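The structure's right below; bear with me while I get my questions together.
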Amino acid sequence: MNFIDRVMGWLGYSRVASATSSKRDSPTLLQETNIAAYFRLLWAYYENNALYDETTVALRNFDTGGERVLSLRNPANSVVEFYAATVCPGPLDAALPIVAAREPVAAAIRQIWGWSNWAENKQVAVRQFAAYGNVFIKISQRTDGSPYMQIIRPDTITAIEQDERGNLTYARIDTPIANGTGTLTRTEIWTRDEMRVWVHALGDASEAQLGTPKERVATADLGIDFVPIAHGRFKSTGSIYGASAYVHTLDKIDMLNRYAWRLGRMLFGSKSVWAILANSTDRDGRPLPAVSLKSPDGKSDLNIADAERDLMIRLPGASDLKSVVPPLPYADVLAVVEATEQALERDLPEMRYWRVIESATSGAEVERRLTPAISRAREARGNFEAVLIRAHMMALTIGANAGVFKNIGTFENGDFEHSFKERAILPADALDIAQLVAARATAGQLPYVQRWRELGFNDEQITELGAMREAELEQSARVLLTDQIVGVR
């Protein structure tokens, strides 16, 4: 049983599988649509607010012991942001440098990016890719026929089927619609032959229960014979759905949060215990009974006065008020929290990224310490680029059939083939480049300023690097002079 199967078991239903049409209409298999609950659970870990509310706790079967638990050490968000920072960050041309044999194809892809606002939406897609473990890119068309890529949230994709190559042959999208009086559902079902749409208040009803569709369009009328939705898996595990970046660590994340919350409760959740000390004795030297205080109205046990914000407690003579602080094993619990976090870091090496970036002194050290995370980022980038290329080809086909793109060839002839230029997961930082420049200049290869300019630095950056170099030389000279003076003495 793979991990997706186990998680689906936690949520109380079986894994969505490739079903036949008759099975899709069977009321006994309506639990298929509960895949949306699984995706919503994963997204709750990424958002990290109210993670352990009643709904999420019920989905996870997480026993809080009757107490409120906050997600104080949940690493899911930082793990997802690691991939947002490494898969394809920055300006489009640098983040996704297209390599295509035909320039009109590359130009058409850039046009699709513009229509899709892909400069911004690519990061949305990457975050969903890492958090959900899946990304769905649908090719839609404007009224003028121009195609654009639309990201579909996985928690609205309630059933899918695919062929042996991973192309979708069936997809059902259930999108909630608020209409002022309640919530309707827009159900959109795609097959290779047609697209059907219903707007209803039946929730996750089967196709047979939905009745006559509100809209019906043959895919042949759109000039295609495929489902125009590209599906990508963050990590393939043999399931029809992919595994997210952190789904294999949910148990450890829950326990880490519980330990951290317990630590916080020890600091701020403990009640104060006060003791009234009375050391007076009677005439025979025997201790007097415990002090019993009453307020003037006789209703409270202590004679308490409110002096603005401070509480004043009036005690009889020879009595003292002392705070009794119970021993708190803070250091021991903190050690458990840190040990659990270290164990979790072995399963999620992406957690190291932000700490290493802050502490490392060179790009080489960063790469050495982040080798496991870089390997995972490289796999994620490859999978993301694969689904993006598939979406591009769908959009190119639709655009060509609509007459929007000219002279780009056809998919059947292989004209749409393209890839992305290989690039570093972690680009070398300015310090490493400066050190490289210094080494080459010292060897007499090129003057500093000329070499810096060839590497793409502008005049302002060159001035700053020059000042840094002069400061380093001055410091080196000062150290050398100090050594010489000490030697003379």
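Identify all residues within the stretch 269-292 that are at pLDDT 65 or above and within 30 Å of residue 333 (Cα to Cα); write none if there are none.
274, 275
Closer than 30 Å to residue 167 by Cβ and of a type in the set (A, V, I, L, M, F, W, C): does that describe residue 386?
When the stated conditions are applied, residue 386 passes them.
Now for a separate question. Pick out the one residue from 143, 175, 181, 169 that is open to solvent by 10 Å² or more (accessible area, probe 1.4 Å), among the polar types (S, T, N, Q), over 19 Å from the mean Cα position of the chain (by Cα) and farther than 23 Å from residue 227 by Cα.
That would be 181, the only listed residue that is open to solvent by 10 Å² or more (accessible area, probe 1.4 Å), among the polar types (S, T, N, Q), over 19 Å from the mean Cα position of the chain (by Cα) and farther than 23 Å from residue 227 by Cα.
Which members of the stretch 317-360 meet the condition of being open to solvent by 70 Å² or more (accessible area, probe 1.4 Å) and either within 22 Å of residue 371 (Cα to Cα) or modelled with pLDDT of 85 or more (or both)?
338, 342, 346, 354, 355, 357, 358
Residue 52: outside any helix (DSSP H, G or I), hydroxyl-bearing (Ser, Thr, Tyr) and under 27 Å from residue 35 (Cβ atoms), yes or no?
yes
Also: For the condition open to solvent by less than 30 Å² (accessible area, probe 1.4 Å), of a type in the set (Gly, Ala, Ser) and modelled with pLDDT of 90 or more, what is the one hit in 295, 244, 239?
244
Which one is surrounded by the most Cβ atoms within 10 Å (Cβ to Cβ) among residues in the stretch 400-425 that are without any contact (Cβ under 8 Å) to a residue 60 or more places away in the chain and among the polar types (S, T, N, Q)?
Taking the candidates together, the pick is 410.
Given the conditions (1) modelled with pLDDT under 95; (2) of a type in the set (Val, Ile, Thr); (3) under 30 Å from residue 415 (Cα atoms); (4) over 13 Å from the mean Cα position of the chain (by Cα), report the number of the one that residue 86 does not fulfil.
(4)
Exactly one condition in (1) of a type outside the set (S, T, N, Q); (2) open to solvent by less than 70 Å² (accessible area, probe 1.4 Å); (3) modelled with pLDDT of 90 or more is false for residue 225; which is it?
(2)
Which residue, of 72, 51, 92, is surrounded by fewer than 18 Cβ atoms within 10 Å (Cβ to Cβ), at pLDDT 75 or above, of a type outside the set (Lys, Arg) and within 19 Å of the chain's Cα centre (by Cα)?
Sole residue among the options that is surrounded by fewer than 18 Cβ atoms within 10 Å (Cβ to Cβ), at pLDDT 75 or above, of a type outside the set (Lys, Arg) and within 19 Å of the chain's Cα centre (by Cα): 72.
Now, a different point. Is at least one residue of the stretch 126-134 over 14 Å from the mean Cα position of the chain (by Cα), surrounded by 15 or more Cβ atoms within 10 Å (Cβ to Cβ) and either basic (Lys, Arg) or closer than 24 Å to residue 166 by Cα (or both)?
no
The values are calculated or read from the model by the stated rules, or taken from the named source; none is laboratory data. Remember, predicted model here, so these are calculated numbers, not experimental data. Positions of Cβ are backbone-derived with ideal geometry, glycine not excepted, and every protein chain shown enters the neighbour counts. These area figures cover heavy atoms from the full protein model, side chains too; ligands, DNA and RNA do not enter into them. Shrake-Rupley method; radii C 1.70, N 1.55, O 1.52, S 1.80 Å.
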